[in-house]
Amino acid sequence: MRATALQGEAQLKVTLSTPGRGRAYPRGKNAVHIASAPNDPPAPDTGRERASVTHEVVVSRDAVTARESINTQYALALELGTDTIAPRPALRPLLPRMVEAGKAFLRRYL
């Protein structure tokens, strides 16, 4: 299951490395940032979100759970959107792939 969680973490980091397809605006003196379009994953700017990605495998008597997380203060606002910003989901699109990977793990070892 740890391999499945690591696979999810790697995929999430790839997703958070995807260049933006939205509005371009100046960033600093000589750089331009291209933002993500609504409903695309957040476009990388500082790399802080990508660097904060972690996983955890929790084993209990009745279950084994793999958790992926993005640990920044603004991750939830980007994932779900706000009153003024459309969602930029990164975790939700990963969920179906993680469910399938978990099922494959269970078929292999049970």
Task: All positions within segment 40-79 that are in a loop (DSSP other than H, G, I, E, B), touching a Gly at 6+ places or on another chain (Cβ under 9 Å) and farther than 18 Å from residue 11 by Cβ - done: 45
- [ ] Keeping to segment 97-110, report how many residues are surrounded by 12 or more Cβ atoms within 10 Å (Cβ to Cβ) and either assigned to a loop (DSSP other than H, G, I, E, B) or among the aromatic types (Phe, Trp, Tyr) (or both).
- [x] 1
Task: Identity of the residue in segment 1-39, part of a loop (DSSP other than H, G, I, E, B) and aliphatic (A, V, I, L, M), that ends up surrounded by the fewest Cβ atoms within 10 Å (Cβ to Cβ) - done: 37
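Kindly indicate which of 104, 51, 86 is modelled with pLDDT of 90 or more, more than 15 Å from the chain's Cα centre (by Cα) and small (Gly, Ala, Ser).
So the residue among 104, 51, 86 that is modelled with pLDDT of 90 or more, more than 15 Å from the chain's Cα centre (by Cα) and small (Gly, Ala, Ser) is 86.
A quick yes/no check of all residues on (1) closer than 14 Å to residue 3 by Cα; (2) without any contact (Cβ under 8 Å) to a residue 12 or more places away in the chain; (3) acidic (Asp, Glu):
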residue	(1), (2), (3)
36	no, no, no
49	no, no, yes
60	no, yes, no
84	no, yes, no
91	no, no, no
94	no, no, no
101	yes, no, no
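Return the total of residues in segment 80-96 being in contact with a Gly (Cβ under 9 Å, 6 or more places away or on another chain) and assigned to a helix (DSSP H, G or I).
Of the residues in segment 80-96, 1 are in contact with a Gly (Cβ under 9 Å, 6 or more places away or on another chain) and assigned to a helix (DSSP H, G or I).
The values are calculated or read from the model by the stated rules, or taken from the named source; none is laboratory data. Given the structure is predicted, the values throughout are model-derived calculations rather than measurements. Positions of Cβ are generated from backbone atoms using ideal geometry, with glycine treated the same way; all protein chains shown enter the neighbour counts.
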